[in-house]
1. Can you classify the stretch 169-318 as rounded, prolate or oblate using the Cα gyration tensor, where a ≥ b ≥ c are the square roots of its eigenvalues, rounded means a/c under 1.5, and otherwise it's prolate if a/b beats b/c and oblate if not?
2. Say R0 is 35 Å: what FRET efficiency, to the nearest 0.05, do residue 109 and residue 71 get from their beta-carbon distance?
3. Using each residue's phi in the stretch 248-260, evaluate 6.51 cos²θ - 1.76 cosθ + 1.60 at θ = phi - 60° and report the 3J(HN,Hα) Karplus result to the nearest Hz, with x for Gly and Pro.
4. Just to be sure I understand the model, the point goes 7 Å from the Cα along the line to the Cβ. What's the resulting residue 3 to residue 379 distance in nm?
5. Alpha carbon centre of the stretch 403-478 versus the stretch 143-181: separation in Å?
6. Straight-line reach from residue 374: which lysines fall under 24 Å, measuring Cα to Cα and dropping same-chain residues less than 8 apart?
7. Find the relative contact order for the chain and round it to a whole percent, using C-alpha pairs within less than 8 Å whose residues are 6+ positions apart.
8. Between rounded, prolate and oblate, where does the chain land on the alpha carbon gyration tensor, with a ≥ b ≥ c its root eigenvalues, rounded for a/c under 1.5, else prolate if a/b exceeds b/c?
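Taken together, the values in this text are just the output of simple stated rules run on the coordinates, not laboratory data. As the structure is a prediction and not an experimental result, all values here were calculated from the model. Glycine gets a Cβ as well: all are built from the backbone with ideal geometry, and neighbour counts include every protein chain shown.
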Amino acid sequence: MSMKFDVVVIGAGPAGYGAAIRCGQLGLKTACIDKSLDKEGNPVYGGTCLNWGCIPSKALLDASHKYVEARDNYSAIGLNVGDISVDIPKMIARKDEVVAGLTGGIAGLFKGNGVTGLPGTGKLLADLVVEYTQHDGKVENIEASHVILAPGSVPIEIPPAPLSGDQVVDSTGALDFQAVPKRLGVIGAGVIGLELGSVWSRLGSEVVVLEALEEFLPMVDKRLSRDALKIFTGQGLDVRLGARVTGTKTSKKQVTVAFEDKNGEQQVQVDKLIVAVGRRPATTGLLAADCGLETDERGFVSVDEVCATKLAHVYAVGDCVRGPMLAHKGTEEGVMVAERITGQKTMVNYECIPNVVYTHPEIAWVGKNEQQLKDEGIKYNAGAFPFSVSGRAIAANDTHGLVKILADAESDQILGVHILGNQASELIAQAVIAMEFDASAEDLGLTMFAHPSLSEAVHEAALAVGGHAIHMVNRKRK
Ligand code: FAD
Ligand code: AMP
């Protein structure tokens with residue numbers, strides 16, 4: 001006899017586990033299938049985010065940032081730490097412990113919410129049946145009243161740079177170097193390439209980042225991307241724009257990377273190469289040929305604005321569907337689907353998704369940037385406040401960047417907030433809340449903020465929209 005559940009979720013990343021946990025909370029008999037295994041071959045939940053993405057990358061970003069602070073910046077504030085050194089195996093092992101703690105936490109949350117975790121591979125068959133293949137090869141069919149597809153994504157591989165053992169690696173391999181490469185190449189100056197390039201550059205690698213596009217971080221507000229590029233270059237990241245990688249040659253000693261830029265054919269020699277050219281949906285083998293659903297030519301599952309597929313009772317969430325590939329976006333979609341299954345009318349506000357690049361300074365934004373507002377012909381007022389005049393930033397000896405707020409010229413409603421600076425990932429939450437509640441710049445300006453705090457820069461930028469920031473001289477409004 002086959003197993004039967006109200007809901008079967010395929011994939012236990014942030015989208016899938018979010019869906020499964022919420023289904024469990026709502027009293028639905030729920031199973032969540034996930035095929036991931038840790039380095040020792042044990043089943044793990046948490047998906048890319050916990051195992052090979054957000055969490056391990058932040059563990060290494062935070063550790064490497066602390067090292068740079070101690071090495072380069074402590075003496076300026078009166079702390080002499082002497083020679084400090086890096087213990088990479090320990091740093092990597094500690095990162096693995098952080099991951100193990102959190103993935104174990106998901107298993108605990110499944111238990112606590114009555115979700116049955118099923119290690120192995122899921123495949124959607126016809127008529128709401130899910131084929132479940134365990135790691136030992138045993139196959140059984142599960143009947144479901146609802147199926148939620150959440151298989152996530154995997155790194156894109158490109159023919160000019162095939163992965164080769166530990167020399168040419170993807171983002172997963174770059175989280176596990178056991179020594180600091182002397183020369184490191186990174187293909188792709190996207191979020192992942194910049195974050196991983198920053199980690200190893202801080203720890204001592206000479207890093208060259210090859211990016212095919214002419215523009216640096218095209219999705220970021222131009223003022224911020226321009227300032228960020230200058231800062232990152234100053235930190236030692238050699239970012240080459242308009243540099244398309246055309247081939248790689250690996251020898252025992254090094255990797256030769258061929259690329260084309262405006263000066264023609266070029267080469268660079270590195271010890272390790274990270275391929276960080278984007279991710280694609282992990283939907284290969286997910287859908288049986290006769291299940292009634294196929295992916296598009298790029299592997300995405302088509303869904304409407306509430307993550308329903310064209311098959312009744314089958315939903316898809318997270319990186320395998322349209323929209324930015326971000327953990328929190330997937331979790332919100334998973335929760336929305338769970339609630340809609342039980343008759344609630346939950347929606348995700350796709351206009352209010354925060355984006356963060358965890359470099360130092362961090363780059364964070366929500367809503368529209370100036371280019372987009374101009375392209376859409378929307379009239380707006382802008383207010384900006386630099387951290388160089390923030391008392392808290394000065395006290396902390398970390399004054400790079402600014403907060404910029406864009407508000408509708410007529411209604412004053414906040415349309416976008418863009419932050420370059422220390423803790424931008426935390427500060428952006430204020431902007432997301434304000435925008436969720438349709439706040440105006442004036443609303444934020446009338447709100448009281450603790451002094452001294454980095455948050456005051458958000459307050460001052462809101463005041464600057466109206467031309468009356470207190471702690472800087474305002475530009476005259478035309
Ligand atoms: P995933 O997390 O990819 O999880 C899907 C799970 O489903 C996986 O465990 C997979 O093995 C499993 N699976 C797939 N197919 C099947 C199947 N047929 N049967 C059973 N199991 C299956 N996002 C952020 O928001 N913030 C960040 O700071 C951030 N940093 C990142 C850093 C790196 C280095 C990387 C690589 C990604 C980062 N991301 C970040 C992106 C984030 O990890 C993803 O957006 C997020 O994990 C997507 O969640 P998901 O649940 O859709 O899929
Ligand atoms: P993201 O999708 O944000 O992770 O960024 C990946 C980046 O890799 C994009 O900016 C692409 O332009 C870049 N990219 C893709 N292929 C190549 C290539 N062959 N050479 C250099 N950069 C590339």
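1. It is prolate, given that a/c is not under 1.5 and a/b is the larger ratio.
2. The pair residue 109/residue 71 has a calculated efficiency of 0.35.
3. For the stretch 248-260, the Karplus curve yields 9, 10, 9, 10, 4, 7, 7, 10, 9, 10, 9, 8, 10 Hz.
4. Those two pseudo-labels are separated by 6.1 nm.
5. Taking the Cα centre of each part, the stretch 403-478 and the stretch 143-181 sit 38 Å apart.
6. 222, 404, 476, 478
7. Here the relative contact order equals 14 percent.
8. Cα axes put the chain in the oblate bin.
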